[in-house]
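Below is one structure, written out as C-alpha cells; comments come after it.
The values are calculated or read from the model by the stated rules, or taken from the named source; none is laboratory data. Since this is a predicted model, take the numbers as computed values, not measurements. Glycine gets a Cβ as well: all are built from the backbone with ideal geometry, and neighbour counts include every protein chain shown.
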Amino acid sequence: MEMNASYTSFVAVGDSFTEGMSDLLPDGSYRGWADVLAARLAAREPGFRYANLAVRGKLIGQIAEEQVPVAAAMRADVVTLVGGLNDALRPKVDMGRVRGHLEKAVSLLAPSCGTLVLMRSAGRNGPVMERFRPRMEELFAMVEELAARHGARVVDLYGADVLGDPRMWDVDRLHLTAEGHRRVAEAVWQALGLPPEEDWRAALAPAVAPGWAVRRSQDLSFARQHLLPWIGRRLTGRSSGDGRPAKRPKLLPYEASASEPLS
C-alpha cells in the first residue's frame, strides 16, 4: 500500500457503529470514527467530499437495500461497509440470509469505488456478547472471504485486545467511547496505506479495578437502562433507527461541525 495515496471522497455505510454512537458532541449529535477519518482526509485533500449513510439499528438487509445502491452511485474513492452485527445479536437469525445480503452489498460496492474497506467489528467481553460469539465469528469469516474475493481491505478490530478493554466502551456496553472511535479511525487510516500516527492497538494505562459493590451497581444500571430496552426492541421487531434519516446523505465537501473537537 502506498503511503502517498490520494483519496478525495469517502462514503460510509452501516449502522450505529458508523453513525458514531456513543461519541457524543456538545450539541447532542454523534461524531464517531467515520467523521474523525473524514476530517483527517479532508486536511490532506482540498475539495474532499464525504457522505455518511449510516443509521443506527439497521440490519444488513436494510443496509444492502437502502444504503448500498446510493453509495455505489456516488463512485467514491473510499467506501466503508460495516454491517451484520445487529443481525447476529438478534434472538433468531438466518446466517445464510445475512451472507446473501453481504454478498449482494460487496458485489455492488467493490466495482463502483476506488477502495472498499470491510471490518471485523470490535468485540466486547462479557456474558451478553459471549452468547453470540459463534455467530459473530461466522459473520467475520464471511467478511474475510468476501474481501479476498472482491479485493476489499479488512480492518481487524475484533482481534485487537485493546478494544476488549471496558474503558473503550460506553455505559451501554454496545458502543465505543470517543477514544474507541478515534482508535478505529486510525485503524482505517492505516488500512488505506496512509502514514501511521500512532499504534491504535496499544493498551491503555493500567487502572484500579472497581470493587464488587461498584460493579454490581453498574451491572444493575446497565440492565435497567440499556439491556432490557434492547431486548424489548428485538423481541418486538422494532429498531432504534426506525424513521431516522441518514446522518449525512449527500456526498458534499466536508465541513466540521462547530461543536466538533479538532481531534
Residue satisfying condition, being crowded, with 24+ Cβ neighbours inside 10 Å and at positive phi, within set 57, 20: 20
Residue identified as part of a strand (DSSP E or B) and of a type in the set (A, V, I, L, M) among 12, 38, 43: 12
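Hydrophobic (A, V, I, L, M, F, W, C), surrounded by 14 or more Cβ atoms within 10 Å (Cβ to Cβ), closer than 22 Å to residue 22 by Cα and touching a residue at least 60 places away in the same chain (Cβ under 8 Å), is that true of residue 157? Show your work before the answer.
Values: hydrophobic (A, V, I, L, M, F, W, C): yes; surrounded by 14 or more Cβ atoms within 10 Å (Cβ to Cβ): yes; closer than 22 Å to residue 22 by Cα: yes; touching a residue at least 60 places away in the same chain (Cβ under 8 Å): no.
No, not satisfied.
Within the group 201, 234, which residue is surrounded by 14 or more Cβ atoms within 10 Å (Cβ to Cβ) and either touching a Ser or Thr at 6+ places or on another chain (Cβ under 7 Å) or at pLDDT 95 or above (or both)?
On the way: 234 fails: either touching a Ser or Thr at 6+ places or on another chain (Cβ under 7 Å) or at pLDDT 95 or above (or both).
Just one listed residue meets the conditions, 201.
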Within segment 61-105, considering residues that are within 29 Å of residue 42 (Cβ to Cβ) and β-branched (Val, Ile, Thr), the one surrounded by the most Cβ atoms within 10 Å (Cβ to Cβ): 80
Boolean, residue 188 is modelled with pLDDT of 95 or more, surrounded by 14 or more Cβ atoms within 10 Å (Cβ to Cβ), part of a helix (DSSP H, G or I) and in contact with a Gly (Cβ under 9 Å, 6 or more places away or on another chain): no
